[in-house]
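> Submitted below is the structure of interest, expressed as structure tokens.
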Amino acid sequence: MTRLVAPHLRHQESYLTASDEFLASREQRDGDGDWVHEPEPGYAGFSFTRESLRDPEEFARFVALRRRARDDDAPRRHAWTPVTFLWMVVGDEYVGSMAIRHRLTDRLLEEGGHIGYSVRPTARRRGHASRALARALVLAHGVVDGPSVLVTCLEENVGSRAVIEGNGGEYEDSRNGVRRYWIPTRPA
Ligand SMILES: CC(C)(COP(=O)(O)OP(=O)(O)OC[C@H]1O[C@@H](n2cnc3c(N)ncnc32)[C@H](O)[C@@H]1OP(=O)(O)O)[C@@H](O)C(=O)NCCC(=O)NCCS
């Protein structure tokens, strides 16, 4: 079954093959975070590529950055919020990504929401996203900035809409083609 775990070196191979699927599909990879952050004053940024992530040491550096991003004192882009990055796995195989953003910035309030996710194209329609979101609602409890999380999807994204509504998402409104839902977090 789907487990939601902190990024780990043991998932390197399947993370990379999944990355090939995402790159080939040209879809946005929600909930996985960027591979490149340009440096800013006071922030060194980072830069990974599909090729560089094949190197176990670089992949370890990538995993460490992803795991650290949840900490309030982690270096990050100006005005960005701490993020808990999680990977959906079956056994040791990576099947998708999920990000829990701890606080809503102005932009996240409009369209990105607290939680983003994506499932690798070859692992879809098996309930991974639905189960992962259910688990994320527990993990987000007491971590995000309120009793409920905002989860959003494009109007035309029927899959994501089903995932959100299946997890009890309460529709608030649509803004610029983005459907906005609130879901209470759940105590463990
Ligand atoms: C949206 C996405 C995360 C769904 O992941 P998934 O693991 O396939 O979702 P699930 O298997 O949990 O599906 C949940 C429900 O949505 C339905 N569904 C999923 N994809 C669908 C699609 N493309 N069309 C119609 N229904 C779909 C499923 O049938 C299921 O409904 P059911 O329980 O009534 O059978 C995945 O398609 C994806 O990664 N898309 C690209 C990135 C993205 O859109 N992320 C979300 C941004 S808001």
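> Restricting region 27-56 to residues that are charged (D, E, K, R) and either farther than 17 Å from G116 by Cα or in a helix (DSSP H, G or I) (or both), which is nearest to the chain's Cα centre (by Cα)? Let's see the steps before the verdict.
Looking only at region 27-56, we keep the residues that are charged (D, E, K, R), and these are 27, 29-30, 32, 34, 38, 40, 50-51, 54-55.
Applying the additional criterion that residues be either farther than 17 Å from G116 by Cα or in a helix (DSSP H, G or I) (or both) yields 38, 40, 50-51, 54-55.
Values: E38: 20, E40: 23, R50: 18, E51: 22, R54: 21, D55: 23 Å.
Ranking the qualifying residues of region 27-56, first place goes to R50.
> Of the conditions (1) more than 8 Å from the ligand (Cβ to nearest atom); (2) touching a strand residue (DSSP E or B) at 6+ places or on another chain (Cβ under 7 Å); (3) within 27 Å of Y15 (Cβ to Cβ); (4) not in a loop (DSSP other than H, G, I, E, B), A134 fails just one. Which one is it?
(2)
> Are any of the residues in region 159-167 of a type in the set (D, E) and surrounded by fewer than 15 Cβ atoms within 10 Å (Cβ to Cβ)?
Looking for residues that are of a type in the set (D, E) and surrounded by fewer than 15 Cβ atoms within 10 Å (Cβ to Cβ), one finds none in region 159-167, hence no.
> Any residue in region 72-93 that's without any contact (Cβ under 8 Å) to a residue 24 or more places away in the chain: show its pairings with residues that are small (G, A, S) at Cβ separation under 6 Å, as long as the two are six or more apart or on different chains.
none
> Within the bounds of region 83-103, is there any residue that is near the ligand (Cβ under 10 Å from one of its atoms), at pLDDT 95 or above, surrounded by 13 or more Cβ atoms within 10 Å (Cβ to Cβ) and of a type in the set (D, E)?
No, every residue in region 83-103 fails to be near the ligand (Cβ under 10 Å from one of its atoms), at pLDDT 95 or above, surrounded by 13 or more Cβ atoms within 10 Å (Cβ to Cβ) and of a type in the set (D, E).
> Further question on the same structure: Taking region 8-23 as the search range and keeping residues that are more than 12 Å from V95 (Cα to Cα) and touching a residue at least 60 places away in the same chain (Cβ under 8 Å), which one is nearest to the chain's Cα centre (by Cα)?
Pass one, region 8-23, residues more than 12 Å from V95 (Cα to Cα): 8-10, 20, 23.
Still in the list and also touching a residue at least 60 places away in the same chain (Cβ under 8 Å): 8, 10.
Details: H8: 15, R10: 19 Å.
The extreme case among them is H8.
Yes/no matrix, rows are residues, columns are (1) surrounded by 15 or more Cβ atoms within 10 Å (Cβ to Cβ); (2) of a type outside the set (F, W, Y); (3) within 24 Å of N167 (Cβ to Cβ):
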| position | (1), (2), (3) |
| --- | --- |
| G45 | no, yes, no |
| F59 | yes, no, no |
| A64 | no, yes, no |
| G112 | yes, yes, yes |
| H128 | yes, yes, yes |
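> Got at least one residue in region 105-124 being under 16 Å from the mean Cα position of the chain (by Cα), more than 7 Å from the ligand (Cβ to nearest atom), closer than 25 Å to W35 by Cα and part of a strand (DSSP E or B)?
Scanning region 105-124 turns up at least one residue that is under 16 Å from the mean Cα position of the chain (by Cα), more than 7 Å from the ligand (Cβ to nearest atom), closer than 25 Å to W35 by Cα and part of a strand (DSSP E or B).
> Shifting gears a bit: Among the residues of region 23-36, how many are on the phi < 0 side of the Ramachandran plot and surrounded by fewer than 17 Cβ atoms within 10 Å (Cβ to Cβ)? Reasoning before the result, please.
The initial filter retains those residues of region 23-36 that are on the phi < 0 side of the Ramachandran plot, namely 23-25, 27-30, 32, 34-36.
If we keep only those that are surrounded by fewer than 17 Cβ atoms within 10 Å (Cβ to Cβ) as well, we get 23-25, 27-28, 34-36.
The number of residues fulfilling the criteria is 8.
The values are calculated or read from the model by the stated rules, or taken from the named source; none is laboratory data. Note that the structure is a prediction, hence the values are computed from the model and not measured. Positions of Cβ are backbone-derived with ideal geometry, glycine not excepted, and every protein chain shown enters the neighbour counts.
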